[in-house]
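Here the structure is laid out as structure tokens; the discussion comes afterwards.
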Amino acid sequence: PANALEPDPAYTPDGAWLYYASDRTTPGDLDIWRVARRADGGWGEPERLPAPVNTPQTELLPRPQADGRLLFGSHRPGGVGGRDLYFATPRDDGEWDVAPLPAPVNTPGDEYEADLARDGGVLVVVANRGERSHLYVYDRDGDAWRERGRVPARDDVFQVGPLLSPDGKRLLFAQAHDAASGEFFLVDL
């Protein structure tokens, strides 16, 4: 639709689907949608993911994983804090199971965007733990996550849109820079 907000595109690792957020059916309320890439290079019909992936609250920054799960942020009730990060796992019957990421990733604060390295060993999270959002790095430690610390970025502006390199060693993100807004930055982790 012409007036719809449709941010946060991400392809599945095989390139067969494009996931994104959209408010096309409920203006102001972002939900997660996907569209299949046809064999001829065209696009299929967009489809809104069902509940419990989508709720009457905002869902955003979908990041499809190689194992079929979907990492995303949501402001749904029942989480640890205001906004939290979730994994949605598709079932054979077409339904989805949704579960929040465990502490220390989700906190009583706001965690709402994340990217996971392809090997599942490094996670970068956008979290607001005070005055503004910043990027935090986590390393997988068995079945748990261990916080490595904040990404070296400016303290006086927020950062968003984390995108890890396939090996999890570099990070692309956006932050304000001088009078400009939304400049891209690349850091080695």
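The values are calculated or read from the model by the stated rules, or taken from the named source; none is laboratory data. Everything quoted here is computed from the prediction, not taken from an experiment. With ideal geometry, Cβ positions are generated from the backbone for all residues, glycine too; neighbour counts draw on all protein chains shown. The protein model used for the area step is the full one, side chains on, heavy atoms only, and it has no ligands, DNA or RNA in it. Shrake-Rupley method; radii C 1.70, N 1.55, O 1.52, S 1.80 Å.
Confirm whether P102 is assigned to a loop (DSSP other than H, G, I, E, B) and over 28 Å from E47 (Cβ atoms). Judged against the criteria, P102 is a match. In the set A51, A66, A21, only one residue is at pLDDT below 95 and not acidic (D, E); that residue is A66. With the structure loaded, tell me whether A21 is open to solvent by less than 70 Å² (accessible area, probe 1.4 Å), among the small types (G, A, S) and under 26 Å from R129 (Cα atoms) or whether it fails that test. Here the answer is yes, as A21 does meet what is asked. Of all residues assigned to the stretch 75-92, at least one qualifies as being open to solvent by 30 Å² or more (accessible area, probe 1.4 Å), of a type in the set (S, T, N, Q), under 18 Å from the mean Cα position of the chain (by Cα) and at pLDDT 95 or above.
Only a single criterion out of (1) assigned to a loop (DSSP other than H, G, I, E, B); (2) surrounded by 14 or more Cβ atoms within 10 Å (Cβ to Cβ) is not satisfied by V35, namely (1). As a summary of the residue check, G120 satisfies the conditions (1) crowded, with 17+ Cβ neighbours inside 10 Å; (2) assigned to a loop (DSSP other than H, G, I, E, B) except for the one numbered (1).
Among the residues making up the stretch 38-68, those that are basic (K, R) and surrounded by fewer than 18 Cβ atoms within 10 Å (Cβ to Cβ) are R38, R48.
For the stretch 130-168, filtering for residues that are touching a Phe, Trp or Tyr at 6+ places or on another chain (Cβ under 8 Å), outside any strand (DSSP E or B) and open to solvent by 20 Å² or more (accessible area, probe 1.4 Å) leaves 2.
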